[in-house]
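Structure first, then comments.
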Amino acid sequence: MKRVSAWITYLQVAPLALIFLLFLVVPIATIVVVSFFDYDTTRIIPAFLLQNYEELLLSPVTWRTYLQTIEFAAITWCLTLGIGFVVAYFLAFHVRSATWQTVLFLVCTIPFWTSNVIRMISWIPFLGRHGLANTTLIKLGLIKEPLEFLLFSDFAVVLAYVHLYTLFMVVPIFNSMMRIDRSLLEAARDAGASGWQTLWNVVVPLCKPGIAIGSIFVVTIVMGDFVTVRLMSGGQSASVGLMMMNAMSLLQYPAAAANAVILLLLVLFTVAAMMRLVDIRKEL
């Protein structure tokens, strides 16, 4: 009987395990294998070489690109965390009606009804040299000449990232806040805690799983992104994803695969560090 029960359990898990194997394990294993191959201008040559990793790890360009990618991810994470926490806090604790919470939450999702590329392109006429932002500042007398750094710069890249991915921080934090027992907040106030003390000692600790999940979403997406950097920097900034795309456009697939493996290890290390600090299983 126990043997039959064990077989039933295996059969129930088999479809999900098969999907996991075909669409995650096999592609990653293929990338790892290809990263050791050799190549020339027209061919990928099966081999086992460390040359691709040596060229990447010994190149100053690679280190600068990874550093800039990490910088983009860190700045975006800080800004999205601040904005996401404030928005989630307002929706969870200041909007009393469940109907209005739903309506305002749907309003936050409206930008996602269009593609990321369209939302990025919409910043160009606003931030351009003769765009709405510069024109308004000049008319108000705040500046005499257009601000060049607003578009095709690191500032534009970070702004686009924050615009695109803040909702990924709002949703899990809002979910964590809605699970907080309101009697805990009343107990904190009855004990004489101020609003900031209640926020720091009650709300923030109970929101850590949501913050961790949102952080994983934002950091992993930014680390692998290349479209935003290419469009919003005007080719003046670099990222690991853009470096891989350039390698693939030159048919240098083994070099791109080696870069992908290094990036994957870096992202996994970051996610593992977050999961050691916060038990996100409480949120799942």
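Since every read-out is calculated from the coordinates, none of them should be taken as a lab result. Computed from a predicted model, the values in this text were never measured in an experiment. Using ideal geometry, Cβ is built from the backbone for each residue, glycine included, and neighbour counts are taken over all protein chains shown.
Descriptive notes on the structure:
- Across P27, P111, P15, mean-square fluctuation computed from a Gaussian network of the chain (C-alpha pairs under 10 Å connected) peaks at P15.
- Only Cα pairs under 8 Å and 6+ residues apart enter the sum, and on that basis the relative contact order of the stretch 60-283 stands at 26 percent.
- Per-residue extension of 0.36 nm, minus the Cα-Cα distance of R43 and H94, leaves a gain of 12.3 nm for this segment.
- Difference of contour (0.36 nm per residue) and Cα-Cα distance, E54 to A17: 9.8 nm
- Multiplying the residue separation of I138 and L184 by 0.36 nm and removing their Cα-Cα distance gives an extension gain of 11.5 nm.
- Within a Gaussian network of the chain (alpha carbon springs, distance under 10 Å), most fluctuating of L79, L49, L91: L49
- On the principal axes of its alpha-carbon atoms, the stretch 198-284 has extents of 54, 27, 17 Å, going from largest to smallest.
- Rounded if a/c under 1.5, otherwise prolate or oblate - the stretch 1-146, Cα gyration tensor axes: oblate
- Anisotropy class of the stretch 143-257 from Cα gyration tensor, a/c 1.5 cut: oblate
- More than 23 Å apart - percent of Cα-Cα pairs taken over the stretch 71-154: 48 percent
- Summing charges over all other residues whose Cβ lies under 15 Å from the Cβ of V261, with Lys and Arg as +1 and Asp and Glu as -1, gives -2.
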